[in-house]
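Inspection log for the structure reproduced underneath, given as structure tokens.
The values are calculated or read from the model by the stated rules, or taken from the named source; none is laboratory data. Note that the coordinates shown come from a computational prediction; the quantities given were computed from them, not determined experimentally. Methodologically, a virtual Cβ is constructed for each residue, glycine included, from the backbone with ideal geometry; neighbour enumeration extends over all protein chains shown. Calculation scope for accessible area: heavy atoms of the full protein, side chains included, ligands and nucleic acids excluded. Shrake-Rupley method; radii C 1.70, N 1.55, O 1.52, S 1.80 Å.
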Amino acid sequence: MNNSKSQSGISRAVKGYFSQNWGILLGLLVLCVIFSIFGSNFLTTNNLLNLLRTCATNCYLAIGVQMAIILAGIDLTGGALAAFTGVMTVAAFEWWGMPVGVAVAMGVLFGLVIGFLNGAIVAYTGIHPFVVTLAMQSICRGTAYLVANGSPVTAYGQDAFAEIGQGSIGPVPLPVVYMIIFLILDYFFLNKTKTGRHIYAVGGNEVSARFSGINVNKIKILVWTISGTLAGFCGVVLASRMSSGQPDTGQGYETDAIAAAVLGGTSFFGGTGSVGGLLIGVLIIGLISNGLNLMHVNSYWQYVLKGIIIIAAVYVDMIKQKKQNAAK
């Protein structure tokens, strides 16, 4: 009896997922078909693994960005913060003699602290998250250049550090394993915990959330702290993959993360967003970059296309909001 209930519950969840995301799933399928036909080597194992590595890096940032957007906010710090933590991590063990494990923990901790500062400023000053995180983006990027003196900080012969971003479990790259773990944790956090429900409540109506007893400031600080921590981890993984901390890395990464979130159905009006939709959005953004490269399309067109995608996704969201408001 319990097994049949469990199976029916899973069946409803799967049907609900496909009915909710059929549009972007269809878009994902169309892109796969197009790039399979016109992109040389698209379906090779090496290319698919490279695609997943790229998607993994974007996914770390997109998880945090999605939470911020669910709160009707934004986080523009991701790419610059990843560059900063990558530089600091490699500098810690190459220049300052720290053990690799301590340096990695320090890099992630820097991300956590910057994220906490973002959240605290947003919560207690009332400054819009766009302004706060744009300013922090500039601070992180500038500090990365200052620490590295404008040049990459190279990691020499550190196998333990290289394993973080270059290792694999069987054929699956470790960055992809991290992505899967983070997505699972994100799903349970947002859907199965009281704090996750509070995030949706604050994003849906902050005033009502305050009157219902939710500590809104605490929720805001927590969300941007998570986002910063994930950006810090992203920086460590990128530095490990490139065997160096590069102050100019991560440029435009926040755009990819935002595009993935809004493509996945996260509303800029707040209160809406799903982990399943986010995953599809991440895959689509990764596919666009990978497929256009294989088709030898000028990489600058990627920026144009991603900008169009963001505008189109937000416009569709606006139309949906108007219809929902009219129906009330």
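Which pairs turn up if I take residues in segment 69-89 that are within 14 Å of PHE116 (Cα to Cα) and in contact (Cβ under 8 Å) with a residue 60 or more places away in the chain and look for partners that are open to solvent by 10 Å² or more (accessible area, probe 1.4 Å) and of a type in the set (Val, Ile, Thr) with beta carbon separation below 7 Å, at least 6 apart in sequence or on another chain?
From segment 69-89, the pairs are THR77/ILE114; LEU81/ILE114.
Output the residues belonging to segment 250-295 that are small (Gly, Ala, Ser), over 16 Å from ILE310 (Cα atoms) and in a helix (DSSP H, G or I).
Across segment 250-295, the qualifying residues are GLY276, GLY291.
Could we say that ALA83 is buried (at least 24 other Cβ atoms within 10 Å of the Cβ) and either touching a Cys at 6+ places or on another chain (Cβ under 9 Å) or outside any helix (DSSP H, G or I) (or both) here?
Against the criterion (buried (at least 24 other Cβ atoms within 10 Å of the Cβ) and either touching a Cys at 6+ places or on another chain (Cβ under 9 Å) or outside any helix (DSSP H, G or I) (or both)), ALA83 qualifies.
Just to be sure before I move on: is THR266 hydroxyl-bearing (Ser, Thr, Tyr) and closer than 30 Å to ILE37 by Cβ in the structure I sent? Lay out the reasoning, then the answer.
Values: hydroxyl-bearing (Ser, Thr, Tyr): yes; closer than 30 Å to ILE37 by Cβ: no.
Criteria not met by THR266.
Report, by residue number, each residue of segment 179-200 that is assigned to a helix (DSSP H, G or I) and hydroxyl-bearing (Ser, Thr, Tyr). Steps first, answer last, please.
Restricting attention to segment 179-200, the residues satisfying the condition of being assigned to a helix (DSSP H, G or I) are 179-192, 194-200.
TYR187, THR195, TYR200 - these are the residues of segment 179-200 that are assigned to a helix (DSSP H, G or I) and hydroxyl-bearing (Ser, Thr, Tyr).
Check segment 229-239 and report whether any residue there is under 23 Å from LEU29 (Cβ atoms) and open to solvent by less than 70 Å² (accessible area, probe 1.4 Å).
no
Hey, can you tell me all the residues within segment 43-73 that are open to solvent by 10 Å² or more (accessible area, probe 1.4 Å), touching a helix residue (DSSP H, G or I) at 6+ places or on another chain (Cβ under 7 Å) and assigned to a loop (DSSP other than H, G, I, E, B)?
LEU43, LEU71, ALA72
Restrict the check to segment 254-263 and report whether at least one residue is more than 12 Å from the chain's Cα centre (by Cα) and within 21 Å of TYR124 (Cβ to Cβ).
Looking only at segment 254-263, we keep the residues that are more than 12 Å from the chain's Cα centre (by Cα), and these are 263.
Imposing the further condition that a residue be within 21 Å of TYR124 (Cβ to Cβ) reduces the set to none.
No, segment 254-263 has no match at all.
State which residue is nearest to LEU112 (Cα to Cα) when the search covers only segment 210-227 and only residues that are aliphatic (A, V, I, L, M) and more than 17 Å from the chain's Cα centre (by Cα).
For segment 210-227, the residue satisfying everything is ILE221.
Does segment 164-191 hold any residues that are under 15 Å from ALA62 (Cβ atoms), touching a residue at least 60 places away in the same chain (Cβ under 8 Å) and among the hydrophobic types (A, V, I, L, M, F, W, C), and which are they?
Selection gives VAL176, MET179, PHE182, LEU183, LEU190.
If you scan segment 137-178, which residues turn out to be of a type in the set (Gly, Ala, Ser), outside any loop (DSSP other than H, G, I, E, B) and buried (at least 20 other Cβ atoms within 10 Å of the Cβ)?
Restricting attention to segment 137-178, the residues satisfying the condition of being of a type in the set (Gly, Ala, Ser) are 138, 142, 144, 148, 150-151, 155, 157, 160, 162, 165, 167-168, 170.
Then keep just the ones that are outside any loop (DSSP other than H, G, I, E, B); that gives 138, 142, 144, 148, 160, 162, 165, 168.
The answer is ALA144, ALA148, GLY165.
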